[in-house]
Amino acid sequence: MTLRKAFKPSFVLAHLLLVALVVAIVAPGKVRVNSYIPLLVACGVIEALVLWRYFCTGKPRVSVSRVAVVDWLIMLVWELFATDLKITHAVLVPLPENVFLVFAEKWQELGLDVISSLTLLGEGLVAGVVAGVIIGLFVGWLPSLRETVYPIAHVLAPVPAIVFAPYLVLIMPSFSMAAATIIFLGIFWPTLLNTILRVESIDRNIIDSARMLGLSPCAMIMKVLLPYMYPSFVSGLKTQLPAAMMMLTFAEMYGAQSGLGYFIINYTNYANYTNVVAGIIMVGVVVTILDSFVGLLQRKTVKWR
């Protein structure tokens with residue numbers, strides 16, 4: 001492979017922006033910051049991920065390098081506007097060096113908040129998906145149930161579960177139960193509705209072939225419908241996970257004593273926007289990692305379409 005094919009123009013541009021960013025970070029005579037080492041470490045981690053995706057994963061190189069261009073451009077503009085040019089508000093738009101320093105100084109607090117959020121997320125998400133899929137399979141398969149449940153699901157599925165947050169936080173015995181319930185409601189109704197619709201749209205030839213084998217209704221659901229639906233279940237997690245994380249973060253702002261949402265709202269109340277921006281970045285990192293796990297699960301377990 002020639003260098004011209006390996007290194008696309010956008011790839012070269014991305015690394016020119018990276019060099020400019022590093023120079024801007026370490027340039028003398030800037031606004032004094034406590035340390036710029038965590039920011040340089042973050043840039044190194046991002047660069048390693050870009051190189052890995054560019055050379056090792058088989059992803060389209062042009063798209064990877066274009067994403068890198070956007071990332072480094074945003075970082076460079078943030079660095080220049082907040083430190084050198086001093087265009088942005090000093091409090092509302094904190095210095096990037098100080099934001100990434102939060103991860104080094106408050107890693108224990110952030111780690112505990114991430115564990116707290118993921119625990120609640122897992123409880124509500126798993127319960128919502130499992131209940132929605134199992135009930136949806138039976139409702140979609142049995143016409144009498146479908147005629148009763150489908151209209152209800154069709155009405156409730158579009159209602160954002162977040163609107164129930166203030167009320168559920170007040171009536172539930174604990175915040176953990178309220179947060180899990182919010183996530184459950186936000187995941188259950190759309191999953192139920194989508195499962196019913198997909199069961200209805202299944203190829204009739206598959207159903208007729210299964211019936212010729214004399215399968216019972218339960219066997220039909222477990223051995224035919226469930227494997228048929230599994231790929232759509234896994235792909236649906238890619239949209240359900242960010243939605244569930246959004247609902248959880250919002251709920252944690254109402255009465256939690258831990259979690260990423262609590263971290264953000266707590267420091268917002270103290271006007272510590274450096275920590276707030278760090279918390280927002282951490283939410284994005286967590287969602288990205290979860291999305292990567294779902295993608296890995298999809299590649300490893302879905303061998304058919």
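Within segment 82-100, how many residues are within 30 Å of the chain's Cα centre (by Cα), of a type outside the set (A, V, I, L, M) and either surrounded by 13 or more Cβ atoms within 10 Å (Cβ to Cβ) or in a helix (DSSP H, G or I) (or both)? Outline the logic, then answer.
Taking segment 82-100 first, the residues within 30 Å of the chain's Cα centre (by Cα) are 82, 88-100.
Checking which are of a type outside the set (A, V, I, L, M) leaves us with 88-89, 94, 96-98, 100.
Keeping just the survivors that are either surrounded by 13 or more Cβ atoms within 10 Å (Cβ to Cβ) or in a helix (DSSP H, G or I) (or both) gives 88, 94, 96-98, 100.
Adding up the residues that qualify gives 6.
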Requested in this report: Show the residue pairs that are 6+ apart or on different chains and have beta-carbon atoms under 6 Å apart, the first residue being within segment 221-244 and touching a residue at least 60 places away in the same chain (Cβ under 8 Å), the second being open to solvent by less than 20 Å² (accessible area, probe 1.4 Å) and outside any helix (DSSP H, G or I).
Outcome: 231/302; 234/302
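Do you know which of the residues in segment 101-110 that are without any contact (Cβ under 8 Å) to a residue 40 or more places away in the chain and of a type outside the set (S, T, N, Q) is surrounded by the fewest Cβ atoms within 10 Å (Cβ to Cβ)?
The first filter runs over segment 101-110 and keeps only residues without any contact (Cβ under 8 Å) to a residue 40 or more places away in the chain, leaving 105, 107-108.
Still in the list and also of a type outside the set (S, T, N, Q): 105, 107.
Details: 105: 15, 107: 10.
The qualifying residue surrounded by the fewest Cβ atoms within 10 Å (Cβ to Cβ) is 107.
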**Report entry** Members of segment 249-289 that are at pLDDT 85 or above, out of contact with any Pro (no Cβ under 8 Å at 6 or more places or on another chain), part of a helix (DSSP H, G or I) and open to solvent by 40 Å² or more (accessible area, probe 1.4 Å)
**Finding:** 262, 265, 268, 269, 280, 281, 285, 288, 289
Report summary line: Considering segment 235-248, residues that are under 30 Å from residue 210 (Cβ atoms) and surrounded by 17 or more Cβ atoms within 10 Å (Cβ to Cβ), and then whichever is modelled with the lowest pLDDT, we arrive at 236
Report task. Could you tell me which numbered condition residue 224 fails, if it satisfies all but one of (1) touching a helix residue (DSSP H, G or I) at 6+ places or on another chain (Cβ under 7 Å); (2) modelled with pLDDT of 80 or more; (3) crowded, with 19+ Cβ neighbours inside 10 Å; (4) not aromatic (Phe, Trp, Tyr)? Result -> (2)
Requested in this report: Please enumerate the residues belonging to segment 111-151 that are over 17 Å from residue 199 (Cα atoms), β-branched (Val, Ile, Thr) and open to solvent by 30 Å² or more (accessible area, probe 1.4 Å).
Outcome: 115, 119, 126
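Give the residues of segment 191-214 that are part of a loop (DSSP other than H, G, I, E, B) and loosely packed, with under 10 Cβ neighbours inside 10 Å, sorted by residue number.
Of the residues in segment 191-214, the ones part of a loop (DSSP other than H, G, I, E, B) are 201-203, 213-214.
Across segment 191-214, the qualifying residues are 201, 203, 214.
The values are calculated or read from the model by the stated rules, or taken from the named source; none is laboratory data. No experiment lies behind these values; they were computed from the predicted model shown. Neighbour counts are summed over all protein chains in view; Cβ atoms, including those assigned to glycine, are modelled from backbone coordinates with ideal geometry. The area values use the complete protein model at the heavy-atom level, side chains included, leaving out ligands, DNA and RNA. Shrake-Rupley method; radii C 1.70, N 1.55, O 1.52, S 1.80 Å.
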